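Laboratory data are not the source of any read-out in this text; all were calculated from the coordinates shown. Please read all numbers here as calculations on a predicted model, not as lab measurements. Quick reminder, even Gly has a Cβ in these numbers, built from the backbone with ideal geometry, and neighbours come from all protein chains shown.
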Amino acid sequence: MTIHDIPILAEGSISELEQALRGRLVRATDPDYDAARAIWNGAHDRYPALIVRATGAADVIRALEFARSEELSVAVRGGGHSIPGHSSVDGGLVIDLSPMQGIQVDPQRRIARAQPGVTWSSFDHETQAFGLATTGGLISSTGIAGLTLGGGIGWLMRKHGLAADNLRAADVVTAEGHVVRASAGENPELLWGLRGGGGNFGVVTSFEFQLHPVGPMVTAGAVFYPGDRAGDVLRAHRDWAATAPDELTTLVNLLTGPPAPLLPEAWHGRPLVAVIGMHVGSPDAAERDLQPLREIATPVADLFGPMPYVAMQSLVDPLWGPGAHSYMKAGYLRGLDDQAIDALVAQYASVTSPKTEIHIQHMGGAVARVAPDATAVGERSAPYILNVVASTFTRDGYDEAVDWAQATHAAVAPALTGSTYVNFLSSEGDERVRAAYGPAYDRLVALKDEYDPTNMFSLNQNVPPSGA
Ligand SMILES: Cc1cc2nc3c(=O)[nH]c(=O)nc-3n(C[C@H](O)[C@H](O)[C@H](O)COP(=O)(O)OP(=O)(O)OC[C@H]3O[C@@H](n4cnc5c(N)ncnc54)[C@H](O)[C@@H]3O)c2cc1C
């Protein structure tokens, strides 16, 4: 679609909407339309008819009313990091929540309330002022909204659970424009669904999180080894992982050395394998627990050490800025057997883009101790999740990178559980969404029937209502 294909709407009804909003309405003719429609993933170039920059629940209600009466598709945007580009829509209405930036911390009760435009960078900034934090994303520009609603993997998860496990309550504008609260005491089934069920049930206008004492200093960073040691590093990590403490969350990363000052220049552009992680225990315990991961081979660079929690939360942000063309192919691993390790190593030898990476994220700990039916998260028992992140700087080479990611995923198929993580899904079809939700799927359909029977919120990893 191009800008010329945007459906023409009656000027009268657009003006009415504009006057009813406290926030701004952005139209295709506005000078900042291109900036307002852009999302993180450059692979998706969409042309919405209108963008409502919402300042509160009232604007969300108005926007939904308008979309219903004009029969427009609705995209909901928090931090804009959706990999399949669900936070924009050709010819429809975007509800952009990024102006909603409020954060309130109650240090006594260890609770934070945050609005849906907040990113982890702002959230951590406010909560760390009190030495508190909750599990957030690995890149600080990701939105708290989409990440939490889909589950939420991060450096604190083995100690404190997923982001969704720390979601205590939420305010939601439903498809009908009603405001409902979801908490343990009010609409608990809705809270269950928001903990992993994504944006299927309404627009969340406020999130309430449980916080934990963290930092402000932690032991974190990464150790980089030559790429030809990738098999040794994966095997060593596997053998070590069985006894890893909850305080330590790690990720093994197969990558091409970025031109970053933290790496010796000789390794820029060459294959590397890194163990990245954060330890939230005492410095002595961190030193002891990290040691086996730092002596697998002779490191290219060992950057583990004490650092502020907020520094680790944004450590690799510069490598993951907006605009690159990106695609993820992910799946939970039932284990890392030698065959899977050999397949990953062999595949990375033929990687097509220097921006493409393989992430093998260690799960377990507190994530695995939450009862399977306590939240809508579909899988908690797998020891690892594999995420093949295909990425190119521009459109050039993107299709080839996607093909390579799919081939890599296929190469380790025998080790995959068949389930995957909702927030790492690309546009992969209904069956993959079902597989991601697993045993939670039917309960999510029942909740969808109750809160969104016409599937107004369909631009997500969609759980259609039973009547669809
Ligand atoms: C660079 C990068 C790093 C990432 N790192 C991690 C990571 O460390 N851990 C992890 O778990 N995931 C990670 N992800 C995946 C990420 O969790 C998802 O892409 C997530 O959906 C992004 O949330 P967002 O608010 O930024 O995105 P958006 O694109 O704004 O939202 C994504 C979807 O969430 C829903 N949504 C957003 N806001 C609301 C709301 N207020 N109410 C209802 N529905 C809403 C909508 O369906 C929307 O389409 C990463 C993604 C990227 C691109």
Project the alpha carbons of the stretch 58-209 onto their principal axes and report the range along each, largest first, in whole Å. 47, 33, 24
Label-point separation in nm, residue 104 to residue 35, each point 7 Å along Cα→Cβ: 3.1 nm
Normalise the Cα radius of gyration of the stretch 263-324 by 2.2 N^0.38 Å (N = residues in it) and let me know the number. 1.30
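Counting other beta carbons within 10 Å of each Cβ, put 338, 171 in order, fewest first.
Neighbour counts put them in this order, fewest first: 338, 171.
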Around residue 384, which amide H atoms from residues at least 5 apart in sequence, or from another chain, sit under 5 Å from its own amide H, with H modelled in the peptide plane? 333, 363
Of the DSSP beta bridges with both residues in the chain, give the percent that are antiparallel, rounding to the nearest 5. 90 percent
Calculate the FRET efficiency for residue 311 and residue 27 from the Cβ-Cβ distance with a Förster distance of 30 Å, rounded to the nearest 0.05. 0.15
Computed from the beta carbon distance with a Förster radius of 22 Å, FRET efficiency for residue 406 and residue 349 to the nearest 0.05 stands at 0.80
Relative to the present Cα-Cα distance, how much length would full extension add between residue 298 and residue 184 at 0.36 nm per residue of separation? 36.0 nm
Roughly speaking, what is the stretch gain from residue 287 to residue 73, that is 0.36 nm per residue apart minus the C-alpha to C-alpha distance, in nm to one decimal? 71.8 nm
Any lysines whose Cα falls less than 21 Å from that of residue 355, other than same-chain ones fewer than 8 residues away, would be 329
By the scheme Lys and Arg +1, Asp and Glu -1, what is the net charge of all other residues having a beta-carbon under 13 Å from that of residue 37? -2
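Explain nothing, just the number: dipole magnitude of the chain about its Cα centre with +1 on each Lys and Arg Cβ and -1 on each Asp and Glu Cβ, in debye rounded to the nearest 20. Numbers along the way, then the final one.
Values: 33 positive and 52 negative charges, 151 e Å.
For the chain, the charge dipole is close to 720 debye.
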Computed FRET value (nearest 0.05) for residue 20 with residue 176, which takes r as the C-beta separation and R₀ as 22 Å: 0.80
Cα extents of the stretch 61-146 per principal axis, largest first, Å, are 47, 26, 16
Taking alpha-carbon centroids only, the stretch 391-449 lies from the stretch 228-306 a number of Å equal to 27 Å
Karplus couplings for the stretch 261-268 from phi (6.51 cos²θ - 1.76 cosθ + 1.60, θ = phi - 60°), rounded to Hz, Gly and Pro as x? x, 6, 10, x, 4, 4, 9, 5
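Could you calculate the contour length gain from residue 13 to residue 369, that is, 0.36 nm times the residue separation minus the distance between their Cα atoms, to one decimal place in nm?
My answer for the length gained is 123.0 nm.
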16 Å Cα-Cα reach of residue 159 towards aspartates and glutamates, excluding residues that sit fewer than 8 places from it in its own chain: 246, 247, 289
Pick out, from 363, 212, 285, the residue whose Cα sits farthest towards the positive end of the charge dipole of the chain, with +1 on the Cβ of Lys and Arg and -1 on the Cβ of Asp and Glu. 285
Hey, what does the equivalent ellipsoid look like for the chain, semi-axes from the Cα gyration tensor as sqrt of 5 times each eigenvalue, largest first, whole Å? 36, 25, 21
Cut-off is 10 Å between beta-carbons; in what order do 278, 328, 1 appear when sorted fewest neighbours first? 1, 328, 278
By count of other Cβ within 10 Å, fewest leading, how are 396, 165, 449 ordered? 396, 449, 165
